[in-house]
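Right, one structure below, let's go through it.
The values are calculated or read from the model by the stated rules, or taken from the named source; none is laboratory data. Bear in mind the structure is a predicted one, so any value in this text is a computation, not a measurement. Cβ sites come from the backbone with ideal geometry, for glycine too, and all protein chains shown count toward neighbours. Heads up: the accessible areas ignore ligands, DNA and RNA and are worked out on the full protein's heavy atoms, side chains in. Shrake-Rupley method; radii C 1.70, N 1.55, O 1.52, S 1.80 Å.
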Amino acid sequence: MNEFLVIGALLLSPLLTYVIVLLTIRPLIKKAVSSFTKILMGDPYAENVWEMVSAFMRISPRIVVENSLRAAEGKIIDRPFGSPRKFLNFDGLVFSPAQLAVFPAKEDAKVEMKTVIGPLAKKPLTIDIPVLLGGMAYGLGVSEQVRIAQAWGTAVVGTACNIGEGGFLQEERERAKHLIVQYHTANWGKNADVLKQADAVEIHIGQGASAAVPARISPEFLQGKARDILGLKPDETAVIPRRFNEWNSPNDLRKVVKELKQLTGGVPIGIKICASNRLEEDIEYGLLAGVDFISIDGGQAGTKGSAPIIQDDFGLPTIYALTRAVHYITKREMKGKVSLLIGGGINTPGDALKALALGADAVYIGTAALWAMTHTQVVKTIPFEPPTVLAFYSGRMADQFNKEEAAYYLSNFLMSFSEEIQVAVKGLGKTNVHDVNKSDLVALDETTSKITKVPLAFDPNETAHMTGSKN
């Protein structure tokens with residue numbers, strides 16, 4: 001009997017405590033809310049705290065904070081991850097599901113996902129899925145642990161990672177199945193031994209979130225191993241100009257492409273450009289130079305950090321750039337000969353498949369993959385620090401980034417990404433991802449329809465015809 005009394009007391013004790021606290025706190029809360037409401041409803045507007053709410057309805061809190069940072073620092077602020085601006089994206093498109101007019105593929109059908117980059121190159125790059133990891137520079141951007149995790153994770157699913165404009169890590173090369181090396185404007189990274197280890201070389205001319213403007217990384221943000229790999233002196237600022245010193249005209253690109261093809265033994269050589277309104281001219285110079293692929297970064301692309309004015313107010317949104325590029329490459333009869341890679345704001349399997357349907361051969365993802373890699377490791381930083389302190393080379397918690405966990409979660413993310421795309425392809429009645437095209441899409445608004453040349457969903461399908469009896 002005593003045991004039951006003890007158990008009953010133990011069960012009632014928390015309940016009684018809660019009731020007492022509630023009875024004590026409730027009047028205090030009511031009094032505080034009543035007092036605040038009277039002040040809110042009675043103070044003149046110029047002295048009222050609601051003035052901040054009203055102000056934030058005119059100018060966003062982000063802009064207020066960024067302007068405060070400008071006031072505090074007196075210099076250009078570097079904003080990570082790219083523009084928060086809401087550009088026109090792929091949300092204005094939906095797929096038209098197969099059912100009777102077109103039968104879905106059988107549930108056990110295998111969907112072909114293999115993708116060839118640079119089909120006319122002597123040594124084309126064949127990847128198992130049409131999704132690649134965008135360039136993230138070691139030292140200038142992310143840490144060594146992040147780069148190695150990316151190599152591991154992409155190798156599991158048979159796709160490629162891209163070293164960006166940073167230093168070359170031999171361990172990354174050993175871990176990666178397919179590695180794209182960038183040839184860029186900085187003084188480092190043009191070592192013949194490095195370039196010969198590439199599965200493809202991407203000549204970096206511009207990128208979406210930083211356009212084609214120079215970048216400078218101060219010595220305090222670039223210490224240790226990365227500085228040694230880049231060949232910088234202890235107090236030297238890392239400078240990435242946006243023009244090749246040896247180039248006097250766009251035609252000089254042809255010579256560089258030819259030299260790189262000879263040096264690498266024929267791996268695909270491409271260019272990476274941001275999307276300007278002279279996109280067709282930029283593409284034409286690439287075609288005349290004999291490139292095997294063209295990578296285009298749309299306005300939604302991410303970055304380790306660049307001036308907000310460049311992120312927000314430069315470059316075409318990805319969907320504009322993609323449709324214009326496909327149209328021009330097709331017009332030049334180079335579709336299927338020169339591969340088109342697109343990146344910038346591609347965050348979901350739906351985004352990726354829509355880009356492929358509009359004519360891209362493969363897509364780059366960056367920010368979405370970085371978030372997937374960090375996964376639950378973000379608990380090491382939140383709520384007092386942003387997750388970037390884990391992933392960035394100069395982040396003060398970079399040594400706590402677990403590369404084995406990151407590689408595991410990245411491979412999971414990419415496998416899930418790929419499997420969702422395969423489900424969608426079968427739902428369109430097809431068994432090859434590269435058979436998906438604009439005829440599988442409809443547009444939900446006139447702007448998206450006009451840009452992509454995809455028919456509006458509220459217009460009847462004029463190609464429909466009856467095959468049965470008219471009785």
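Results, tabulated for the structure shown:
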| read-out | value |
| --- | --- |
| Any hit, the stretch 191-199, residues being under 17 Å from the mean Cα position of the chain (by Cα) and of a type in the set (A, V, I, L, M, F, W, C) | no |
| Residue satisfying all of: in the stretch 366-401; buried (at least 19 other Cβ atoms within 10 Å of the Cβ), touching a residue at least 24 places away in the same chain (Cβ under 8 Å) and in a helix (DSSP H, G or I); nearest to the chain's Cα centre (by Cα) among these | 367 |
| Output for the stretch 134-145, where each listed residue is surrounded by fewer than 24 Cβ atoms within 10 Å (Cβ to Cβ) and among the hydrophobic types (A, V, I, L, M, F, W, C) | none |
| The stretch 235-245 - residue that is assigned to a loop (DSSP other than H, G, I, E, B) and out of contact with any helix residue (DSSP H, G or I) (no Cβ under 7 Å at 6 or more places or on another chain) and, of those, least open to solvent (accessible area, probe 1.4 Å) | 244 |
| Whichever residue in the stretch 86-101 is more than 13 Å from residue 350 (Cβ to Cβ) and open to solvent by less than 60 Å² (accessible area, probe 1.4 Å) and, among such residues, is modelled with the highest pLDDT | 96 |
| Residue list for the stretch 305-353, filter: over 29 Å from residue 123 (Cα atoms), aromatic (Phe, Trp, Tyr) and at pLDDT 95 or above | 320 |
| In the stretch 214-228, the residues that are part of a loop (DSSP other than H, G, I, E, B), at negative phi and at pLDDT 75 or above | 218, 222, 223 |
| Every residue from the stretch 246-284 that is out of contact with any strand residue (DSSP E or B) (no Cβ under 6 Å at 6 or more places or on another chain), charged (D, E, K, R) and not in a loop (DSSP other than H, G, I, E, B) | 252, 254, 255, 258, 259, 280, 281, 284 |
| Residue count for the stretch 402-417, restricted to those that are open to solvent by less than 10 Å² (accessible area, probe 1.4 Å) and either more than 13 Å from residue 369 (Cβ to Cβ) or in contact with a strand residue (DSSP E or B) (Cβ under 9 Å, 6 or more places away or on another chain) (or both) | 3 |
| Scope the stretch 402-437; condition assigned to a helix (DSSP H, G or I) and touching a Phe, Trp or Tyr at 6+ places or on another chain (Cβ under 6 Å); matching residues | 407 |
| Matching entry among 114, 75 (being modelled with pLDDT of 85 or more, of a type in the set (Lys, Arg) and open to solvent by 70 Å² or more (accessible area, probe 1.4 Å)) | 114 |
| Boolean, residue 122 is modelled with pLDDT of 90 or more and open to solvent by 60 Å² or more (accessible area, probe 1.4 Å) | yes |
| Output for the stretch 259-299, where each listed residue is farther than 12 Å from residue 321 by Cβ and under 20 Å from the mean Cα position of the chain (by Cα) | 270, 271, 272, 293 |
| Test for residue 350: is it assigned to a helix (DSSP H, G or I), open to solvent by less than 10 Å² (accessible area, probe 1.4 Å) and not hydrophobic (A, V, I, L, M, F, W, C) | no |
| Given (1) more than 23 Å from residue 390 (Cα to Cα); (2) open to solvent by less than 60 Å² (accessible area, probe 1.4 Å), number of the condition residue 150 does not satisfy | (1) |
| Complete set of residues in the stretch 285-340 that are part of a helix (DSSP H, G or I) and either hydroxyl-bearing (Ser, Thr, Tyr) or open to solvent by 30 Å² or more (accessible area, probe 1.4 Å) (or both) | 285, 288, 309, 313, 318, 320, 323, 324, 327, 328, 330, 331 |
| Spans of strands (runs of 3 or more DSSP E) in the stretch 65-145 with at least 2 residues touching a residue at least 24 places away in the same chain (Cβ under 8 Å) and over 29 Å from residue 165 (Cβ atoms) | 93-95 |
| Verdict on residue 54 being open to solvent by less than 50 Å² (accessible area, probe 1.4 Å), farther than 28 Å from residue 297 by Cα, of a type in the set (Ser, Thr, Tyr) and in a helix (DSSP H, G or I) | yes |
| Selected residue (only one of 255, 272 is open to solvent by 10 Å² or more (accessible area, probe 1.4 Å), within 23 Å of residue 179 (Cβ to Cβ) and of a type outside the set (Asp, Glu)) | 272 |
